[in-house]
1. Please state which of the following conditions A:Lys286 fails to meet, knowing it meets all the rest: (1) open to solvent by 60 Å² or more (accessible area, probe 1.4 Å); (2) within 14 Å of chain B (Cβ to nearest Cβ).
2. Which of the following residues is more than 8 Å from chain A (Cβ to nearest Cβ) and either assigned to a helix (DSSP H, G or I) or modelled with pLDDT under 90 (or both): B:Val209, B:Val243?
3. Take the conditions of a type in the set (Lys, Arg), within 21 Å of B:Asp122 (Cβ to Cβ) and more than 18 Å from the chain's Cα centre (by Cα) and apply them to B:Lys150. Does it pass?
4. Are any residues in the range B:212-229 assigned to a helix (DSSP H, G or I) and either at the interface with another protein chain (Cβ under 8 Å from one of its Cβ atoms) or open to solvent by 60 Å² or more (accessible area, probe 1.4 Å) (or both), and if so, which ones?
5. Out of the range B:73-104, which residues are more than 8 Å from chain A (Cβ to nearest Cβ), closer than 30 Å to B:Asn195 by Cβ and outside any loop (DSSP other than H, G, I, E, B)?
6. Restricting attention to the range B:166-192, which residues are of a type in the set (Lys, Arg) and either loosely packed, with under 14 Cβ neighbours inside 10 Å or within 14 Å of chain A (Cβ to nearest Cβ) (or both)?
7. Looking only at helices (runs of 4 or more DSSP H) that fall completely inside the range A:170-242, which ones have 3 or more residues that are open to solvent by less than 20 Å² (accessible area, probe 1.4 Å) and among the hydroxyl-bearing types (Ser, Thr, Tyr)?
8. In the range A:53-81, what residues are in a helix (DSSP H, G or I), open to solvent by 10 Å² or more (accessible area, probe 1.4 Å) and more than 11 Å from chain B (Cβ to nearest Cβ)?
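The values are calculated or read from the model by the stated rules, or taken from the named source; none is laboratory data. This one's a predicted model, so the numbers in the text were calculated from it and none came from an experiment. Cβ: placed from backbone, ideal geometry, glycine included. Neighbour counts: every protein chain shown. Heavy atoms of the whole protein, side chains included, go into the accessibility calculation; ligands, DNA and RNA do not. Shrake-Rupley method; radii C 1.70, N 1.55, O 1.52, S 1.80 Å.
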Amino acid sequence: MQIYLPIAEMAVSAETVFMLSAFVGLLSGIFGVGGGFLTTPFLIFFGIPPAVSVATQASQLVASSMAGAMGHFRRGNVDIKMGLVMVSGGAVGSVVGIFIFKLLRYLGQIDFAISFLYIILLGGIGILMIMESFVSVLKKKEGVRKAFNDSKVSPWVLSLPYKMRFPRSKLFVSALVPAGIGFVGGVLASVLGIGGGFLIVPAMIYILGMPPLLVAGTSLFQVIFTTAAATIMHALMNHTVDIVLGLILILGGVVGAQFGVVLARFFKGQTARVTLAIIILSVCLKLVVDLFVMPVDLFSAEYVR
Amino acid sequence: MTCCRRFLNSFSAIAFFFVLGVYVVSAFSEIAAAEPLQFDIADDYVEITTGFTGTTLSMIGYRKGRGDIVLTLEGPPRSTVVRQKSQVFGAWVNRETLQFDNIPSYYDFALSVDDEKKLMSDELLKEYHVGLNALRVVPKEKRIDEDKIKLFQSALLRYKQQHQLYSQKAGAVEFLGDDFFRVDFHLPAHVPAGNYTVRALLVGKGKVVYEDAQSLRVGLTGFSSDIYEFSRNHAFLYGALCVLIACFAGWLSNFIVRRS
């Protein structure tokens, strides 16, 4: 069924978009990742303008992080104070991100910037995951556990001013650290339409020294707010949030994630990780090919808004 | 006597209708004489609804006497920037740009002959916007190299054609009889919204004998239109509403999962 997207000003096949988001939802259900970093490139492959893809994907992330955070919240695995300090940085980051986005769009480099950043991001994650799999096969995950236990916050981080107590995480650190991490997340949400969990989660563990139990919930909690800020800013500054597309993405994501959770039982940790890494690397490869292979037409046109 | 009156009555009735008939016919022929070309659009409002997948715009017309017919369909003017990619460290990146102001966002035309060049001079084609080469595509900035302008102009036309926004070639004016004609324009799903102009020309001996124009509106309606308008006029509220809907959807999905 063709459905007209009022903001993207084009008709798309609703089933295709639904299947796409269900597939990404399935992956996120199986592997416990956000999946925003896959949906945006997929939407761009389908011919939806990058600006609309990014902004709409941000709104989809509000829904998926909301659903994810509620589960963690119920189990008490959210450090709300820490989350709110991160959100303060995240809000600033999403505003800065919007201006970067607007500037790149004005310069005509937004497509390139999005492709380029996704290549680095997906390539980096994919390679790291493959390497980690090999390492953990050799060391039988000892390395990972050791890294968690031995994580010591660096003295440079401890020397920063504006120290704050975070009773839930049992930390006494500078508020600049969580705010800074949130800031990066906010920029990523605005420019790439991703929650940035893959970057924020390790940062919270290794830089901030948060207890791993609280990390996932707190990260999801702050992602709700940064992606919400990014959505509102995109709607306000660029008029690129397509609610019709967003609702299909949300619906597909929810349905896919449920199947994913069921399927997760049949996937063993190692196989799952390598499978996801291969999917991520193929998307990355497609982006690389698109960027480096000579386009059929060197020219493109766009309305001036 | 009564018989006679009845005869007179029916006679006057017949006479009345006869006179009326003559009058109507002559009135019509008078209009026809004044307007050698008439046409009408089947739908003067194209509605883009949520299920819109493009449509066919039909026009029926009538010409009096000899002459060729030209119909042009022009979309609302929009400023468009054309970008050229070149290689930077092996990657293809947008480098050169040229902006064209107020070019038709959509263009299609139909002829009763196979080539517009057979109809009139290039100047007249330009004046009446007949054919792709007759469109006014002028760069915003002045003092730009002629070659660059030509290159970007042709790239723009090519881009528009590839995206089905400019016609590949002239459509046909289909004659239903000697003088009645019909033209079909196919609008794609992503046809730009706005006010369109349909212009009909009657051409004879290299001159435009008669010209008529009608306007046509392509617009979002219903749900699509409401969303579009709301997102433009109340951008912040729209964004906030999107977030609220997403939050509700997230909560709902969590709720359903917990129940099952």
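1. If we test A:Lys286 against (1) open to solvent by 60 Å² or more (accessible area, probe 1.4 Å); (2) within 14 Å of chain B (Cβ to nearest Cβ), just (2) comes out false.
2. B:Val209 is the lone residue from the list that is more than 8 Å from chain A (Cβ to nearest Cβ) and either assigned to a helix (DSSP H, G or I) or modelled with pLDDT under 90 (or both).
3. Yes.
4. B:Phe223, B:Ser224, B:Ser225, B:Asp226, B:Ile227, B:Tyr228, B:Glu229
5. B:Leu73, B:Glu74, B:Pro77, B:Leu98, B:Phe100, B:Asp101, B:Asn102, B:Ile103, B:Pro104
6. Within the range B:166-192, B:Lys169 is the sole residue that qualifies.
7. A:212-237
8. Across the range A:53-81, the qualifying residues are A:Ile80, A:Lys81.
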